[in-house]
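Trainee: Supplied in structure tokens, the structure appears directly below.
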């Protein structure tokens, strides 16, 4: 028992000693763990070093391969520059030409002879860049005609263009290269308010030191004559005296409108005056110049009184509707066109087939005729109406009796 107790007592201290002995031995381990924890905390507190940015990567890449890129850029320029100067820029220049409207803002057309006309044209070109248009020829033609056949050729002088630029062709004498085509175009020009005119040329355009030969092919609209809508007889007078100095028995003024933008110089024109299908007169317009707008044009001519009586029934039949409105209706048709004694076929080929309608009040016409008769003497009336009544002797007797009666009345009034 005592032995067991001793043993038990001895064992207890032994356990405590062991515990106490173990404490100092574990201290270094605890210090190491504390150091590790401190070290780990320090590692977690430090931020990682930033890497290169995207731009730096790109920059580094280019710096690394810069010579390769330089070689590639030179090769690209060697391909693109010829392409730009031979394909791209010419295409841009051609596109600019194709977009030009070439409006006809004014000008003139003066007939000189059967083979020549004098022309002036005012138009404009609109370019986004400065350029020089070298002198070139422009061919005027009808686009409906196949094959291509121009009727006039204009010379366009050199033009310096920048944005909206005026282009002027002034007083050029040009040859008629196709009379048939010119007549066809004039016919449309006379009939319509606007007529198409096709233009073709091969201009050379320079952009600094660069030169390009391009093509110009345009169909433009030109304001024209609208069949002389508004043509009118403004005033009229008759000179039936036998001692008149002129060979014409009537004169007056016409209103001839020009609804276009070109001044037209057509020479000396002669028109038939038609009443239905009966020609009752012939008028002359000397050196006709039609400015844009209304033109008061003097005329002189002859009224065929001897055509009235034999054709009276036909004339009245053609005037039924007009007479109901108090007017006489006439038509003017071309007879001849002369310049310097030469006939102009490309004008006659148009005017001679037109019927330009105009009216005149019946009362005014009768008043003008009566006024002319009152101023006439017996001889002139006999010449005018003798053939119309078919018996000059009878008319002479009537006129003599009329004059005799007047003389008797006059003498009876005298004291």
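The values are calculated or read from the model by the stated rules, or taken from the named source; none is laboratory data. A quick note: this is a predicted structure, and the numbers were derived from the prediction, not measured. Neighbour counts are summed over all protein chains in view; Cβ atoms, including those assigned to glycine, are modelled from backbone coordinates with ideal geometry.
Trainee: Six or more apart or on different chains, Cβ atoms under 6 Å: show the pairs whose first residue is in the range 285-300 and assigned by TED's automatic domain parsing to the domain that holds residue 253 and modelled with pLDDT of 95 or more and whose second is surrounded by 15 or more Cβ atoms within 10 Å (Cβ to Cβ) and not in a strand (DSSP E or B).
Mentor: 292/261; 300/248
Here's the yes/no breakdown for (1) surrounded by fewer than 17 Cβ atoms within 10 Å (Cβ to Cβ); (2) closer than 21 Å to residue 158 by Cβ; (3) modelled with pLDDT of 90 or more:
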{"position": "86", "(1), (2), (3)": "yes, no, no"}
{"position": "90", "(1), (2), (3)": "yes, yes, no"}
{"position": "94", "(1), (2), (3)": "yes, yes, no"}
{"position": "107", "(1), (2), (3)": "no, yes, yes"}
{"position": "111", "(1), (2), (3)": "no, no, yes"}
{"position": "122", "(1), (2), (3)": "no, yes, yes"}
{"position": "125", "(1), (2), (3)": "no, yes, yes"}
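Trainee: Conditions first: (1) part of a strand (DSSP E or B); (2) over 32 Å from the mean Cα position of the chain (by Cα); (3) surrounded by 19 or more Cβ atoms within 10 Å (Cβ to Cβ). Residue 235 passes all but one, so which condition is the exception?
Mentor: Failed condition: (3).
Trainee: Could you look through the range 134-161, keep only residues that are free of Cβ contacts under 8 Å to residues at least 24 places away in the same chain and either in contact with a helix residue (DSSP H, G or I) (Cβ under 7 Å, 6 or more places away or on another chain) or part of a loop (DSSP other than H, G, I, E, B) (or both), and pick out the one that is surrounded by the fewest Cβ atoms within 10 Å (Cβ to Cβ)? Show your work before the answer.
Mentor: Start the filter on the range 134-161 by keeping residues that are free of Cβ contacts under 8 Å to residues at least 24 places away in the same chain, which leaves 135, 144, 146-147, 155, 157.
Subsequent filtering for residues that are either in contact with a helix residue (DSSP H, G or I) (Cβ under 7 Å, 6 or more places away or on another chain) or part of a loop (DSSP other than H, G, I, E, B) (or both) retains 135, 144, 146-147, 157.
Values: 135: 11, 144: 9, 146: 7, 147: 4, 157: 13.
The qualifying residue surrounded by the fewest Cβ atoms within 10 Å (Cβ to Cβ) is 147.
Trainee: Of all the residues that make up the range 307-317, how many are assigned to a helix (DSSP H, G or I) and surrounded by 17 or more Cβ atoms within 10 Å (Cβ to Cβ)?
Mentor: Going through the range 307-317, the residues assigned to a helix (DSSP H, G or I) turn out to be 307, 312-317.
In the following step, the residues that additionally are surrounded by 17 or more Cβ atoms within 10 Å (Cβ to Cβ) were identified as 307, 315.
Of the residues in that region, 2 qualify.
Trainee: I've got another one for you. Which count do you get for residues in the range 187-223 that are assigned to a loop (DSSP other than H, G, I, E, B) and more than 18 Å from residue 145 (Cβ to Cβ)? Give the steps one after another, and end with the answer.
Mentor: Step one: of the range 187-223, the residues assigned to a loop (DSSP other than H, G, I, E, B) are 192-193, 202-203, 208-209, 214-215.
Now narrow it down to the ones that are more than 18 Å from residue 145 (Cβ to Cβ): 193, 202-203, 208-209, 214-215.
Count: 7.
Trainee: Is one or more of the residues making up the range 219-237 more than 26 Å from residue 352 (Cα to Cα), touching a strand residue (DSSP E or B) at 6+ places or on another chain (Cβ under 7 Å) and not assigned by TED's automatic domain parsing to the domain that holds residue 335? Before the answer, list the steps.
Mentor: Taking the range 219-237 as the starting set, the residues that turn out to be more than 26 Å from residue 352 (Cα to Cα) are 219-220.
With touching a strand residue (DSSP E or B) at 6+ places or on another chain (Cβ under 7 Å) added as a condition, the list becomes 219-220.
Filter again for not assigned by TED's automatic domain parsing to the domain that holds residue 335, leaving 219-220.
Looking for residues that are more than 26 Å from residue 352 (Cα to Cα), touching a strand residue (DSSP E or B) at 6+ places or on another chain (Cβ under 7 Å) and not assigned by TED's automatic domain parsing to the domain that holds residue 335, one finds at least one in the range 219-237, hence yes.
Trainee: Do we have any residue at all in the range 192-214 that's closer than 30 Å to residue 352 by Cα, surrounded by 15 or more Cβ atoms within 10 Å (Cβ to Cβ) and out of contact with any strand residue (DSSP E or B) (no Cβ under 9 Å at 6 or more places or on another chain)?
Mentor: Yes: the range 192-214 contains one or more residues that are closer than 30 Å to residue 352 by Cα, surrounded by 15 or more Cβ atoms within 10 Å (Cβ to Cβ) and out of contact with any strand residue (DSSP E or B) (no Cβ under 9 Å at 6 or more places or on another chain).
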